[in-house]
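The values are calculated or read from the model by the stated rules, or taken from the named source; none is laboratory data. Quantities reported herein were computed from a predicted structural model and do not represent experimental measurements. In this analysis, Cβ positions are derived from the backbone assuming ideal geometry, glycine residues included, and neighbour counts consider all displayed protein chains. For the accessible areas, the whole protein counts, side chains as well, though only heavy atoms, and no ligand, DNA or RNA atoms are used. Shrake-Rupley method; radii C 1.70, N 1.55, O 1.52, S 1.80 Å.
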Amino acid sequence: MNAITEMTDLALLEQVEAKQALQQLNAKFSRAMDRMDRCLMVSLWTDDGQIDWGAHKGSAKPFVITATTADPNLERSFHSVSTEYFEVDGDTAIGEVSVIIVSIVLENGSKIDRLIGGRYLDRYRKEGGQWKIAQRTFVHDWNMNLPSSANLEEGMFAKFLKGRRDKQDPSYQLFGE
């Protein structure tokens, strides 16, 4: 094998590793949001990280505090990421990631099932060997709000283990956290 092929193979391997790390970064963001895990959320951002999340535009630090503080009107949430597209250039990358957010919220005394579809338009930077979010913009593409049909404590659903929006969630036991 000649040097050019080895360099090409190494560059290809670095691209695959970077894209896998960026996928994990977005999975961790979803987990941090759904579990309100401040320590995890802080670890995902560069020190100078910026976000445009509708009502919050600017430094990611205040966003992290708000996103990981209990909201009595948000009973449950589930973030699902898909259609991840990344372009990696050394220790920087850009990406577009589709997200669906499913939640049960309390509005005017009633439970609402809310679905939000959108995308994260991101700039990433590798710092200390770790990929982090340097800039995130949420693009809101669609949403649905319906009277809640959740029946978590009825019939067969009453016997299932329930998820929580904190470190009492069963996933923390699985990962030994």
Item to check | Candidate set: region 38-50, residues that are in contact with a helix residue (DSSP H, G or I) (Cβ under 7 Å, 6 or more places away or on another chain) and in contact (Cβ under 8 Å) with a residue 60 or more places away in the chain; chosen: the one surrounded by the fewest Cβ atoms within 10 Å (Cβ to Cβ) | outcome: Gln50
Item to check | Residue among Lys111, Lys61, Lys57 that is open to solvent by 80 Å² or more (accessible area, probe 1.4 Å), within 18 Å of Leu25 (Cβ to Cβ) and basic (Lys, Arg) | outcome: Lys61
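Filter region 153-177 for residues that are open to solvent by 100 Å² or more (accessible area, probe 1.4 Å) and outside any helix (DSSP H, G or I) and give the result. Can you show your working first?
Let us first name the residues in region 153-177 that are open to solvent by 100 Å² or more (accessible area, probe 1.4 Å), namely 153-154, 156, 159-161, 164, 167-168, 173-175, 177.
Glu153, Glu154, Phe160, Leu161, Arg164, Lys167, Gln168, Phe175, Glu177 - these are the residues of region 153-177 that are open to solvent by 100 Å² or more (accessible area, probe 1.4 Å) and outside any helix (DSSP H, G or I).
Within region 120-134, is even one residue assigned to a strand (DSSP E or B), at pLDDT 90 or above, over 17 Å from the mean Cα position of the chain (by Cα) and surrounded by 16 or more Cβ atoms within 10 Å (Cβ to Cβ)? Lay out the reasoning, then the answer.
Just the residues of region 120-134 that are assigned to a strand (DSSP E or B), to begin with: 120-127, 130-134.
Adding the requirement that they be at pLDDT 90 or above leaves 120-127, 130-134.
Add one more test, that the residue is over 17 Å from the mean Cα position of the chain (by Cα), and what stays is 126-127.
Among the residues that remain, those that are also surrounded by 16 or more Cβ atoms within 10 Å (Cβ to Cβ) are: 126.
Among the residues of region 120-134, at least one is assigned to a strand (DSSP E or B), at pLDDT 90 or above, over 17 Å from the mean Cα position of the chain (by Cα) and surrounded by 16 or more Cβ atoms within 10 Å (Cβ to Cβ), which makes the answer yes.
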Next on the checklist: On the basis of being open to solvent by 60 Å² or more (accessible area, probe 1.4 Å), within 15 Å of the chain's Cα centre (by Cα) and more than 30 Å from Leu152 (Cα to Cα), does Glu96 make the cut?
Outcome noted: yes
Item to check | Where Trp142 falls short, out of the listed (1) open to solvent by 40 Å² or more (accessible area, probe 1.4 Å); (2) under 17 Å from the mean Cα position of the chain (by Cα); (3) modelled with pLDDT of 95 or more | outcome: (2)
Item to check | Neighbours by Cβ (under 7 Å, 6+ apart or cross-chain): first from region 57-85, in contact (Cβ under 8 Å) with a residue 12 or more places away in the chain; second of a type in the set (Ser, Thr, Tyr) and open to solvent by 20 Å² or more (accessible area, probe 1.4 Å) | outcome: Val81/Ser98; Ser82/Ser98; Thr83/Ser98
Checklist entry - List pairs: first in region 124-139 and free of Cβ contacts under 8 Å to residues at least 24 places away in the same chain, second open to solvent by less than 40 Å² (accessible area, probe 1.4 Å) and assigned to a strand (DSSP E or B), Cβ under 6 Å, 6+ apart or cross-chain? => result Val139/Gly118
